Amino acid sequence: MRTAGFIFFLTCAVLGRDPIVTARVDRSEANVGDTVTYIVELHFERGWNFDLSTLGDRLADAVVHQSRWSKAVSVPDTNLLKVELISTLSWYRLGEFTIPPFQIKGSNPDHEDAVFETREIEITIESVLEEGDEALSDSKPQITMQEFPLAASIIGALLVLLIVACFLWRRYRAKGSVEAPEPPPLPPLQEVNIRMRDLVNSSILKEGEYKKFYVEISQIMHHFFGRVFSIPGDEMTSFEFEEFFADTKMPGEFLEKNSDFNSLCDRVKFAKYEPMESENNEVVNLAYRLIHILKPQCVEQEEVNHDEIS
């Protein structure tokens, strides 16, 4: 929570019931990188003063994109007022997470201090892949050969069959075989999330190979940009991407996050800079934020491609 909040003053007449603080989210399950709305409601009678602080850049494991208090409004058929802290959060790792209690400090008309706290909220962050896409096939029992009297004859017959099969295959190949077409590539959003997940879960950083990690995360994002905008992303430099995005009139937040991402990557790749752990987390968060900003464009492209195929 930011230490610098703003003081919300309300004047009143009488000391009544204690304020009520509640918290909720718009959904209990979300995909990695999705925005989740977190709302804290404060109901109180006139005469209470509160230190209405907003959230900082992070709340436990979540990245905070926006956090603001609404104006006080009267609750119909009561003598209560209500204000709301409306925040948007994202998680960039899979698993079950807890939004910690949020505290609000206040004082009643008699200037007695009090602290009010919300409950913890559980949220589950899931992969963007459909369930079952990554399921491993069942293990199969090993086949063992048992010894028997005619083993030598069977082995000889198998060798003959193998020689005949090789001869037929080479003859068929000489006539020209038609290779099976390669499967279509995954959609850009699905591909980049899989590659990012594999990179983050790898042991590259634990082994101290910082340059390798930053080169790979830069290549992943360049390839992703290339697919989204139909440009040769694998061949472009960070500077060329910044010029392209400026000419494309991308949103200011995207340009700022992309510039910060490139600065971190280039410093490690070219200046032999050894990053701190916080910078490693930051470069991953920046990459996921860029992916999240482009998510609507990716979804729209997938729908267009699906319609064309249909």
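Any read-out appearing in this document is the output of simple, stated calculations on the displayed coordinates, not a laboratory observation. Keep in mind that what you see is a predicted model, and the values were worked out from it rather than measured. Please note: Cβ atoms are built from the backbone with ideal geometry, for glycine as well, and neighbour counts cover all protein chains shown.
What FRET efficiency, computed as 1/(1 + (r/R0)^6) with R0 = 35 Å and r the Cβ-Cβ distance, is obtained for residue 242 and residue 186, rounded to the nearest 0.05?
Working: r = 27 Å, r/R0 = 0.76.
That pair, residue 242 with residue 186, gives E of 0.85.
Which far-off residues, 5 or more places away or on another chain, put their amide H under 5 Å from the one on residue 48, with H placed in the peptide plane?
none
Treating each Cα of segment 227-276 as an identical point scatterer and ignoring solvent, apply the Debye formula and state log10 I(q)/I(0) at q = 0.26 Å⁻¹.
The calculated log intensity ratios at q = 0.26 Å⁻¹ are -1.05.
Kirkwood Rh and Cα-based Rg: tell me the resulting Rg over Rh for segment 6-126, rounded to two decimals. Could you put the intermediate results ahead of the total?
Numbers: Rg = 15.7 Å, Rh = 15.3 Å.
Rounded to two decimals, Rg/Rh equals 1.03.
Where does each of 254-265, 68-79 land if you order them by average Cβ count within 10 Å, highest first?
Ranked from most to least packed, the peptides come out as 254-265, 68-79.
At residue 162 and residue 229, where each label point lies 7 Å from the Cα along Cα→Cβ, what is the point-to-point distance in nanometres?
5.4
Which whole-number percent of Cα pairs in segment 177-229 have a distance greater than 13 Å? Before the final figure, lay out the partial values.
Numbers: 892 of 1378 pairs.
Summing the P(r) of segment 177-229 above 13 Å gives 65 percent of all pairs.
So what's the gap between the Cα centers of segment 226-246 and segment 59-73, to the nearest angstrom?
After rounding, the separation between the Cα centres reads 33 Å.
Over the alpha carbons of segment 188-309, what is the largest minus smallest coordinate on each principal axis, giving the biggest first in Å?
So the three principal-axis extents are 46, 30, 24 Å.
Could you give the spread of the C-alpha atoms of segment 25-69 along their three principal axes, from largest to smallest, in whole angstroms?
Dimensions of segment 25-69 along the principal axes of its Cα atoms: 42, 21, 15 Å.
Please work out how much length the chain gains when fully extended from residue 219 to residue 113, using 0.36 nm per residue of separation minus the C-alpha to C-alpha distance, in nm with one decimal. Spell out each step's value before the answer.
Numbers: separation 106, 0.36 × 106 = 38.16 nm, distance 5.41 nm.
Contour length minus the Cα-Cα distance gives 32.7 nm.
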